[in-house]
1. Given springs between every Cα pair under 10 Å in a Gaussian network model of the chain, which of Tyr104, Tyr134, Tyr72 has the largest fluctuation?
2. Summing -39500 (n - 2.57) over the DSSP H runs of n ≥ 4 in the chain and dividing by its residue number, what mean residue ellipticity at 222 nm do you reach, to the nearest 500 deg cm²/dmol?
3. Among Glu146, Glu161, Glu52, which one moves the most in a GNM of the chain with springs linking Cα atoms closer than 10 Å?
4. Of Lys11/Lys36; Lys145/Lys190; Lys85/Lys177; Lys11/Lys56, which sit over 27 Å apart, Cα to Cα?
5. Please report the carbon-and-sulfur percent of the accessible area for the chain; probe 1.4 Å, protein heavy atoms only, DNA, RNA and ligands left out.
6. Bin by bin, in steps of 5 Å, what percent of the Cα pairs in the chain do you find, going until the bin that has the longest distance?
7. Quick one: 3J(HN,Hα) in Hz for the stretch 44-50, Karplus 6.51/-1.76/1.60 with θ = phi - 60°, rounded, Gly and Pro as x.
8. Using only alpha carbon pairs under 8 Å that are at least six residues apart, calculate the relative contact order of the chain and give it in whole percent.
Amino acid sequence: MALLLVNLHGKREASLSNQMRQTKSMSPDYAVNWWKERNLRPPIVDPIAFMEKRIKWRYTKGVPVGSDSFVYLGDSTVRLRDVRKRANRLSLPPATLLLTSPPYCGITNYHYDQWLRLWLLGGPPNALAISGRYKGKFADQQKYKELLFNVFSRARPLLDENAVVYVRTDHREITLKMTTSVLEEVFPTKRMFRYSRQVEKPTQTHLFRNKIEKSAEVDIVLLPAA
């Protein structure tokens, strides 16, 4: 299913769709009109041969071997409580790494932009039907900051005292300042380091900005107190 989702739409002949941006599902009307204007026809694809080729490439080196783990799907503001209960019940050791990349404030609607992939997973057949909490652009700065605080606060009890916290975020001041402020409040004893990551190729953040500029992201790393 993961490989189907990745290859669902993208470049012609390199995906299962007519020409469509790989990172964003356009609305049906927009896509159809765009194809008509350019006289683009859906490519003839043998889905079995198409997917077999990609599956063989993906697993050419074998199947990754990992340790036993639990995977939770859902709203992190709720799911983290379930994780904590299970960890306590099973006497699981605390985590030594928190690795995450929260949504960027006011950039894009992740659910709207991925409606086609969500449809493949059983969601509604149209982007307009997607609504609900945390399914917008995170444009409300106060609610965005509250979201960050709630998630990191509920994750903290699951972490070892010497755990490392690694957060990839947006370089814009609006997002970076709020993320940094929340992390300092939730993890006051940790040392904070920030690393700017220049991105040469267009990213989703870059594509959905009104002003064209070189994209950059920031890695915030929190380490145990010296």
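The values are calculated or read from the model by the stated rules, or taken from the named source; none is laboratory data. Everything quoted here is computed from the prediction, not taken from an experiment. Methodologically, a virtual Cβ is constructed for each residue, glycine included, from the backbone with ideal geometry; neighbour enumeration extends over all protein chains shown. Heavy atoms of the whole protein, side chains included, go into the accessibility calculation; ligands, DNA and RNA do not. Shrake-Rupley method; radii C 1.70, N 1.55, O 1.52, S 1.80 Å.
1. Judging by the Gaussian network model, the answer is Tyr72.
2. Numbers: 9 runs with 85 residues, N = 226.
Rounded to the nearest 500, it is -11000 deg cm²/dmol.
3. Between Glu146, Glu161, Glu52, it is Glu52 that shows the largest mean-square fluctuation.
4. Details: Lys11/Lys36 16 Å; Lys145/Lys190 20 Å; Lys85/Lys177 32 Å; Lys11/Lys56 20 Å.
Pairs exceeding the cut-off: Lys85/Lys177.
5. Values: 8320 of 15110 Å².
On the chain, the fraction of accessible area on carbon and sulfur atoms equals 55 percent.
6. With 5 Å bins starting at 0, P(r) equals 1, 5, 10, 13, 15, 16, 15, 12, 7, 3, 2, 1, 0.
7. Computed from phi, the couplings for the stretch 44-50 are 8, 10, 7, x, 5, 5, 4 Hz.
8. On the way: 284 pairs, mean separation 39.2, N = 226.
Relative contact order for the chain comes out at 17 percent.
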